[in-house]
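Input: a single structure, listed below in C-alpha cells.
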Amino acid sequence: MALTISADARLDGREELIAKLKPAGSPSDTDLILYAYEAWGEDCVKHLIGDFAFAIHDSNSQRLFCARDHFGVKPFFYARLGDDFIYSTNLNELRQDPRVSDTLNEMAIGDYLLFGVNQDLSTTTFKDIQRLPPGHSLTVTEGSIKIHPYWTSPAPNEVRFRDPASYVERFSELLSTAIEDRLRTERVAISMSGGLDSTSIAAIARTKLPNDSAVQAFTVVYDKLIPDEERYYSTVAATHLGIPITHLAADGYSLFDEQVPGDMDQAEPFLISAQTAQFNNLLRLCAAHGRVALTGYDGDAFMNEPGRWRFGVRSKLKRLFGKPRPEVALPQWIDESFAARTQLLDRLKQSWGRPVSLASPANPVWTALFEAYDRSATKLDLDVRHPFIDVRLVEFLSAIPVHPWRVKKQILRLAMKDKLPPVVINRPKTPLAGNPALQLVRHASVRWLDSFEVNPRLRDFVNLKLRRCVADEQTSDGLWANLRIYALNYWLTNSQPIVRRATTTQVNNRACMTSVA
C-alpha cells in the first residue's frame, strides 16, 4: 500500500496504541497514524485520541482519507475546485489558490453578527472553503466526497463504583494521564487564573516536571478597572506549588488594542477580539517560556450540574464575542434585505429552540475557542493544549452520576484536596464582577469606534443609520453586538489582500495542502 500523509497531530495514549500496532523503532505520532490506517483502514480514527488533523493519500486506490480530532482542537479546511480537492490546516493557505474566490458566505456573516461565531461547523466565512467538523472524517474517491461522524459526545450512562473513593481515584488517574500526555516537553507555561481548574492543571504538571523553572504560570488580572481577586488567588496557588507566576494587568488596554501589527489580521471575523491585546500578550509571555502551554478549559462544561451555563468557556467567550439578545428579535441595525435573503430571524429562533449542550463537540463555541488558540491565528510558535478536553476524561465524567460528583466540581475538589491550598479548593465559582469592555466604554474615549472609515461591503449587512453609538450601550449584550460591527468592518477591509499562487501543492509539518485529481 503506497501511502503518504500530511498531518498536524499530537496523539494521546501512545503506549496503548503502540502495544496494539507493534511498530518497529520509535515511531512519531504521524507514523503511528499511518500504521493505524494500515491496520484498520478508515476505522483507524476509532483507535486514535489526541489533537490531530491529517490527510492520507493512498495512491493505489486513489483514495484520500482525512480526519479531525474529537473536539476540533486542530483546524481542517478544504475546497472542491472542479476535479481537484485542496485542504489545509490554515484557511488563508487555501485562499492563495487563484481558483478560490473571495465570495463571502452570507450565512456565516449573519451568524457572526448575531452570535459572535458561525453556527454551522461545516462552513467558513468564504463560500468556496468548507470546514471539516470536529469528530468527523472525510473520504475523497472517484470524484465524490463523503463525510462521516466517527464520534459524538457520549449519552449519560451511569457507571457505579462500590465506594466513593474509587470515583476520585479513577478521575485522578485520568486527569493525571491527560496532563502527562500533553506535556512531552521540558518546559510548560500554564494559563492560570485563581480558579480551581487551571490551578489543578498546574499542580499536576508540577509533579510531572519537578524542575523549579520548568512550570510557570501566567495570569490576566484587573487591579482597578473592575473588582477582581485573581491576583490574590493565583498568587496563593503559585506560592503553594512553588512555581513562578507573572501577572498581566489588563486595566491599561483599550478595546481592539493592536499593540503588535498583524494581531487583528485574522482569517475569519470571529477571531478578532475586542480584547486582542491582553489575549495575545498573555500568549506571547507563554511562548517566551516554552513551546507548550496548558489551559484549564473547560472543567465547568463537564463537572458542573447540567444547566449551569454561565461559567467556563461560555463565560470567557461571552467576554470575547458576546451572546445573542435575550428576546427573539434581530438587532434593528441588521440590514433588512440581508436578513430576508439569509432568513436570519428563523435562524435566531432555531438557535433558541434547539440549544446545543456545551459538553457536545457540536457546540460552535469549541471551534471558536480552539481556532483562536491555533498557531495560524496567534502567529506564535506555541502549541496550546487543553487537558480537560480529553476523550477519556470526558467519557468518564459523562458516565458517572451527576450527584454528587459533577455538582460544583465535587470530584475535582476531592481529587485536589492535598495538592492545592484550602482557600483555592474551597473558593466558590466566581465570574468577573464586571464587564471590562463595558467599563472601558464608560471610562475612556471610544469615539473612534463610531467614526471609523466604513468599508462599502459593510452596508450589505448593516444599516449604519440605525446603529447606536458605542458609548450609548448600557448592557454587555448590546455592547458586544455593537463591537462586532466594528470588528466585521475591520475584517472586511483587511482580510482580502492575498498573494495568489500558481500552484496549490504544498506539504510541510503544519499545512497539509495538496491537489488530488
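The values are calculated or read from the model by the stated rules, or taken from the named source; none is laboratory data. Since we're looking at a predicted model, the values are computed, not measured. No Cβ is skipped: glycine too gets one built from the backbone with ideal geometry, and neighbour counts run over all protein chains shown. Remember, those area values only see protein heavy atoms, side chains included, never the ligands or the DNA or RNA. Shrake-Rupley method; radii C 1.70, N 1.55, O 1.52, S 1.80 Å.
Of everything in the range 468-499 that's within 21 Å of His443 (Cα to Cα) and assigned to a loop (DSSP other than H, G, I, E, B), which residue is modelled with the lowest pLDDT?
Here the residue is Gln474.
(1) surrounded by fewer than 23 Cβ atoms within 10 Å (Cβ to Cβ); (2) in contact with a strand residue (DSSP E or B) (Cβ under 9 Å, 6 or more places away or on another chain); (3) under 25 Å from Gly50 (Cβ atoms); (4) of a type outside the set (Gly, Ala, Ser): which one isn't true of Thr235, the others all being true?
Condition not satisfied by Thr235: (3).
Among residues belonging to the range 180-202 that are surrounded by 23 or more Cβ atoms within 10 Å (Cβ to Cβ) and of a type in the set (A, V, I, L, M), point out the one that is farthest from Gly290 (Cα to Cα).
Filtering the range 180-202 for residues that are surrounded by 23 or more Cβ atoms within 10 Å (Cβ to Cβ) and of a type in the set (A, V, I, L, M), the one farthest from Gly290 (Cα to Cα) comes out as Leu196.
Step by step: first the residues of the range 150-179, then only those that are surrounded by 13 or more Cβ atoms within 10 Å (Cβ to Cβ) and either among the basic types (Lys, Arg) or touching a strand residue (DSSP E or B) at 6+ places or on another chain (Cβ under 8 Å) (or both), then the one that is farthest from Phe218 (Cα to Cα). Which residue is that?
Checking each candidate, the answer is Tyr150.
Of all the residues that make up the range 96-139, how many are open to solvent by less than 10 Å² (accessible area, probe 1.4 Å), closer than 15 Å to Ala362 by Cα and either without any contact (Cβ under 8 Å) to a residue 24 or more places away in the chain or touching a Cys at 6+ places or on another chain (Cβ under 6 Å) (or both)?
Within the range 96-139, residues that are open to solvent by less than 10 Å² (accessible area, probe 1.4 Å), closer than 15 Å to Ala362 by Cα and either without any contact (Cβ under 8 Å) to a residue 24 or more places away in the chain or touching a Cys at 6+ places or on another chain (Cβ under 6 Å) (or both) number 0.
Taking the residues in the range 335-370 that are modelled with pLDDT of 90 or more and assigned to a loop (DSSP other than H, G, I, E, B) as candidates, determine which candidate is surrounded by the fewest Cβ atoms within 10 Å (Cβ to Cβ).
If we take residues in the range 335-370 being modelled with pLDDT of 90 or more and assigned to a loop (DSSP other than H, G, I, E, B), then Gln343 is surrounded by the fewest Cβ atoms within 10 Å (Cβ to Cβ).
Pick out, from the range 22-133, the helices (runs of 4 or more DSSP H) lying fully within it that include 1 or more residues that are within 30 Å of Arg457 (Cβ to Cβ).
Counting at least 1 such residues, we get 91-95, 106-115.
Answer with yes or no whether Gly72 is on the phi > 0 side of the Ramachandran plot, under 29 Å from the mean Cα position of the chain (by Cα) and either open to solvent by less than 10 Å² (accessible area, probe 1.4 Å) or aliphatic (A, V, I, L, M) (or both).
Against the criterion (on the phi > 0 side of the Ramachandran plot, under 29 Å from the mean Cα position of the chain (by Cα) and either open to solvent by less than 10 Å² (accessible area, probe 1.4 Å) or aliphatic (A, V, I, L, M) (or both)), Gly72 qualifies.
Condition first: touching a residue at least 24 places away in the same chain (Cβ under 8 Å) and surrounded by fewer than 23 Cβ atoms within 10 Å (Cβ to Cβ). Now tell me which residues in the range 281-294 satisfy that.
Residues satisfying the conditions are Asn281, Leu282, Leu283, Arg284, Leu285, Ala287, His289, Gly290, Arg291, Val292.
Among all residue pairs at least 6 apart or on different chains, which show Cβ distances below 6 Å where the first residue, located in the range 43-55, is more than 12 Å from Arg68 (Cα to Cα) and of a type in the set (S, T, N, Q) and the second is in a strand (DSSP E or B) and open to solvent by 10 Å² or more (accessible area, probe 1.4 Å)?
Nothing qualifies.
I'd like to check something: does the range 272-280 contain any residue that is of a type outside the set (Lys, Arg), open to solvent by 40 Å² or more (accessible area, probe 1.4 Å) and either part of a helix (DSSP H, G or I) or more than 23 Å from Asp228 (Cβ to Cβ) (or both)?
Checked against the condition, which is being of a type outside the set (Lys, Arg), open to solvent by 40 Å² or more (accessible area, probe 1.4 Å) and either part of a helix (DSSP H, G or I) or more than 23 Å from Asp228 (Cβ to Cβ) (or both), the range 272-280 yields at least one hit.
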